[in-house]
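The values are calculated or read from the model by the stated rules, or taken from the named source; none is laboratory data. Nothing here was measured: the structure is a model prediction, and the numbers come from that model. Glycine gets a Cβ as well: all are built from the backbone with ideal geometry, and neighbour counts include every protein chain shown. Ligands, DNA and RNA are excluded from the accessible area calculation, which covers all protein heavy atoms including side chains. Shrake-Rupley method; radii C 1.70, N 1.55, O 1.52, S 1.80 Å.
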Amino acid sequence: MKKFTCVQDIGDLKSAIEESFVIKKDRFKYVELGRNKTLMMIFFNSSLRTRLSTQKAALNLGMNVMVLDINQGAWKLETERGVIMDGDKPEHLLEAIPVMGCYCDIIGVRSFARFENRDFDYQETILNQFIQYSGRPVFSMEAATRHPLQSFADLITIEEYKKTARPKVVMTWAPHPRPLPQAVPNSFAEWMNATDYDFVITHPEGYELAPEFVGNAKVEYDQMKAFEGADFVYAKNWAAYAGDNYGQILSKDREWTVSDRQMAVTNNAYFMHCLPVRRNMIVTDEVIESPQSIVIPEAANREISATVVLKRLLEGLE
């Protein structure tokens, strides 16, 4: 494996899941694989679970780890070509990237959508610059359109907790005070569509995701109807995608907050969320604190998904 940015890069899902269970039983099974290899983690945006879980995964594999927070102790970086650099950014990413590649063997990049230009975001401009110019295997630690490490961990969690071979999985929009990127819901939809699960997306009108991510999922605008018989409920906010509304908040309707009311029509569903979560906006205290909430095991599986991905990238080094 030379890069990891989407579900297609992981290859056969069945083998990836099987490997994740092997690693979960013995996290240090491949500790010699990363000896004398260095991971560089580059953050354009804040992180808690991604930072800690990915660093722990690298340590599981015996790797050295360097962490760079852009704009915090490093030069501010210009990211667009053709810009006259007479402002506060003294270095261009196109020089910085190959320099970073000189100091490591694998690069992880975290760079969110900016909501300034949809084409810039959805072309994954920053992530693809690293892939093109670093000379190293690159993996996404959440980019503008996807969060594959999270979605892989979500899949592992569902496989662990499912009680039927083909569970019903519902991803629901929920309100939030700030406009959030579509990366997590896009990615979750992409990974769910790669399985044979019964997958449903529910959201208010105007919050349709890009068609390439919706795929074959059923879209239901009636949240209560969508929740009927669900085995897993995955809650997440996202800003509008379509047209001039890109990056905008169209609703803060708390009727969409996941509560006991919605969960009552499910098949005693497990509740999932990528975290951090705004309590009593996304989900009520009662639901997230219930025995059916698996947000902590889900977060714990971030270490496992990252370990599998880094292992495969290490195996792909020449």
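Packing, taken as the mean count of other beta carbons within 10 Å per residue, orders the peptides 22-33, 191-202, 297-308 from highest to lowest as 297-308, 191-202, 22-33.
Would you mind working out the accessible area per residue for the range 37-122, using a 1.4 Å probe, and quoting it in Å²? Walk me through the numbers before you get to the answer.
On the way: 4380 Å² over 86 residues.
That works out to 51 Å² for each residue.
For the range 202-287, the ratio of Cα radius of gyration to the globular rule of thumb 2.2 N^0.38 Å stands at 1.10. Please sort by residue number the GluC sites (Glu not before Pro) in the range 102-196 whose DSSP state is loop and whose Cβ has at most 12 other Cβ atoms within 10 Å. Here the GluC sites (Glu not before Pro) that fit, given the DSSP loop and packing criteria, are 116. Looking at the range 151-299, the accessible area is 40 square angstrom per residue; that uses a 1.4 Å probe and ignores ligands, DNA and RNA.
Share of carbon and sulfur in the accessible area of the chain stands at 47%, probe radius 1.4 Å. Scoring 13-20, 145-152 by mean Cβ neighbours within 10 Å over their residues and listing the highest first yields 145-152, 13-20. The listed peptides 167-175, 86-94, 252-260, ordered by packing as a protection proxy, come out as 167-175, 252-260, 86-94 (highest mean of other Cβ atoms within 10 Å first). Available extension along the chain between residue 315 and residue 2 is 111.8 nm, counting 0.36 nm per residue and deducting the alpha carbon span.
Based on the alpha-carbon gyration tensor of the range 98-220 and its eigenvalue square roots a ≥ b ≥ c, which shape applies: rounded if a/c is under 1.5, prolate if not and a/b is larger than b/c, or oblate? Let's see the in-between values first.
Working: a/c = 2.57, a/b = 1.51, b/c = 1.71.
Judged from the Cα gyration tensor, the range 98-220 comes out oblate (a/c at least 1.5, b/c at or above a/b).
The Rg/Rh ratio for the chain, using Cα coordinates for both the radius of gyration and the Kirkwood hydrodynamic radius, is 0.97.
Simple spin-label estimate for residue 12 and residue 28 gives 3.1 nm between the two label positions (7 Å along the Cα-to-Cβ direction from each Cα).
Run through every distinct alpha carbon pair of the range 151-299 and return the Kirkwood hydrodynamic radius in angstroms, one decimal place.
Working: mean 1/r = 0.0665 Å⁻¹.
Taking the inverse mean of 1/r over all distinct Cα pairs, the range 151-299 comes out at 15.0 Å.
Backbone phi angles across the range 243-254, fed through the Karplus curve with coefficients 6.51, -1.76 and 1.60 (θ = phi - 60°), yield HN-Hα couplings of x, 6, 7, 3, x, 9, 8, 9, 7, 10, 5, 6 Hz in residue order; Gly and Pro are listed as x. Using R₀ = 30 Å, calculate the FRET efficiency as 1/(1 + (r/R₀)^6) where r is the Cβ-Cβ separation of residue 35 and residue 300; round to 0.05. Computed FRET efficiency for residue 35 and residue 300 comes out at 0.75.
For the cross-link pairs 162/236; 14/168; 14/162; 56/218; 162/218; 2/76, the ones whose C-alpha atoms lie over 25 Å apart are 56/218; 2/76.
Each Lys or Arg adds one and each Asp or Glu takes one away; over the other residues whose Cβ falls under 12 Å from the Cβ of residue 6, this sums to -2.
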